[in-house]
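J.: There's a structure below that I have some questions on.
The values are calculated or read from the model by the stated rules, or taken from the named source; none is laboratory data. Note that this is a predicted model, so its numbers are computed, not measured. Cβ coordinates were reconstructed from backbone atoms using ideal geometry, including for glycine residues, and neighbour counts include every protein chain displayed.
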Amino acid sequence: MGKMYRIGEAARLLNLKTYVLRFWETEFPQLTPQRTDKGQRLYTEEHIALLRAIRHLLHEKGMTIEGAKKRLQEGAPLAAEGEEHDAPLAEIIEELEDIRRLLVGDGADI
C-alpha cells in the first residue's frame, strides 16, 4: 500500500481547506477516502491525483461542479490538446509558488 494522507496533510499538499475536501467528497462519488477506526479520513495517492484533477477543472478551467463531474465521468482527458506537455511544468510552478508563499509568510492560512 502506498502513502496515505490525513485530511490536513492532503489539504496542505493541494493548497485547499479541509472543508473543501469534505464537500468534494459529497459531490464526487469516486472520491471516497478510507477511514481509520476513529473515523479519520485517509487519502491515497490516487485520491490526491483525483483531487488535483478536480481542483484543476474547478479552479483553473473555471468549470462548475456539474461540468467537472461530467468531465470526470466521461473519462475525458483533463488537458486539451497541446496542454499535456505544459501540465507537469505548471504543476511544478504551482508547487514552487506554494513553497514561496509559505516561506515569505503570505500563505498563513494554508
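J.: Given the options 93, 110, name the one that is outside the structural domain of residue 50 (by TED's automatic domain parsing), modelled with pLDDT under 70 and of a type outside the set (Ser, Thr, Tyr).
T.: After applying the criteria, what remains is 110.
J.: Please count how many residues of segment 36-60 are farther than 13 Å from residue 16 by Cα, in contact with a helix residue (DSSP H, G or I) (Cβ under 6 Å, 6 or more places away or on another chain) and part of a helix (DSSP H, G or I).
T.: Total meeting the criteria: 1.
J.: Look at segment 10-43 and say how many of its residues are small (Gly, Ala, Ser) and more than 26 Å from residue 98 (Cα to Cα).
T.: Going through segment 10-43 one residue at a time, the tally reaches 1.
J.: Sticking with this structure for a sec: Checking residue 24 against (1) closer than 16 Å to residue 53 by Cα; (2) part of a loop (DSSP other than H, G, I, E, B), which test does it fail?
T.: Going through (1) closer than 16 Å to residue 53 by Cα; (2) part of a loop (DSSP other than H, G, I, E, B) one by one, residue 24 breaks only (2).
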